[in-house]
1. On the basis of being out of contact with any Leu (no Cβ under 7 Å at 6 or more places or on another chain) and either open to solvent by 40 Å² or more (accessible area, probe 1.4 Å) or within 23 Å of ILE141 (Cα to Cα) (or both), does ILE108 make the cut?
2. Any idea how many residues of the range 21-34 are in contact with a helix residue (DSSP H, G or I) (Cβ under 8 Å, 6 or more places away or on another chain), closer than 20 Å to GLN56 by Cα and either of a type in the set (Ser, Thr, Tyr) or without any contact (Cβ under 8 Å) to a residue 60 or more places away in the chain (or both)?
3. Of the residues GLY64, GLY75, only one is farther than 20 Å from SER29 by Cα and out of contact with any helix residue (DSSP H, G or I) (no Cβ under 7 Å at 6 or more places or on another chain); which?
4. Please determine, by comparing only the residues of the range 122-165 that are touching a Pro at 6+ places or on another chain (Cβ under 9 Å) and farther than 22 Å from SER87 by Cβ, which one is most open to solvent (accessible area, probe 1.4 Å).
5. Could you list, in sequence order, the residues of the range 64-83 that are open to solvent by less than 20 Å² (accessible area, probe 1.4 Å) and either outside any strand (DSSP E or B) or among the hydroxyl-bearing types (Ser, Thr, Tyr) (or both)?
6. Filter the range 35-50 for residues that are in contact (Cβ under 8 Å) with a residue 24 or more places away in the chain and outside any loop (DSSP other than H, G, I, E, B); which is surrounded by the fewest Cβ atoms within 10 Å (Cβ to Cβ)?
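The values are calculated or read from the model by the stated rules, or taken from the named source; none is laboratory data. This is a predicted model, so every value here is computed, not measured. Cβ atoms come from the backbone with ideal geometry, glycine included; neighbour counts cover every protein chain shown. Remember, those area values only see protein heavy atoms, side chains included, never the ligands or the DNA or RNA. Shrake-Rupley method; radii C 1.70, N 1.55, O 1.52, S 1.80 Å.
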Amino acid sequence: MGFPNLETTRLNLVQVEKEHAQSFYEIMSRSEVTKYYGMESLKSLEDALKIVESFQNTYKSKRGIRWGIVLRDTGEFVGTLGLNNLSTRSKKAEIGFELHPSHWNKGIMTEAVREILRYSFEDLEIYRIGAITYPQNEPSIQLLKRLSFTEEGLLRGYLYQNNQSHHVLVFSLLRTEWQ
């Protein structure tokens, strides 16, 4: 069975390939994108290529799935989203995402996450989708709440970025709560 390419009204959700590395680098080298990401901004195209390869290896080992977000109208690669720490046996995963700032506040990520939730709950039969975000990341918090995620609490010192540990909020959505 091949990679699960998905479609929404405006988006194609595709496997991230080497041809996407330059666009991925242009997104992940921006401090406004990585500010609340849990990793440093990328410094080179080589770093982006290594991450693209890690996405493919994670998929092959069934530990996660990362989709590239491509605008259907233009073919532009604008971000990624995916399932981390995927366990179909335990029926759980965590969702993560990023988007080029020129596409913020257009409903693109809401549309993409909604489709990944549908795929996760219906096709993969996942029961719990978790998400973690910095308490200061208001746009991600609002997105998760809009999609009916519940805030569960604070994980202290959970992410290490820019030479310091950071607290994060943990959210979850159960299949029984999803509509």
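1. No, not satisfied.
2. 4
3. Result of the check over GLY64, GLY75: GLY75.
4. Ranking the candidates gives LEU154 first.
5. Once the filter is applied, which keeps residues that are open to solvent by less than 20 Å² (accessible area, probe 1.4 Å) and either outside any strand (DSSP E or B) or among the hydroxyl-bearing types (Ser, Thr, Tyr) (or both), the range 64-83 yields GLY64, THR80.
6. Top of the filtered list is LEU45.
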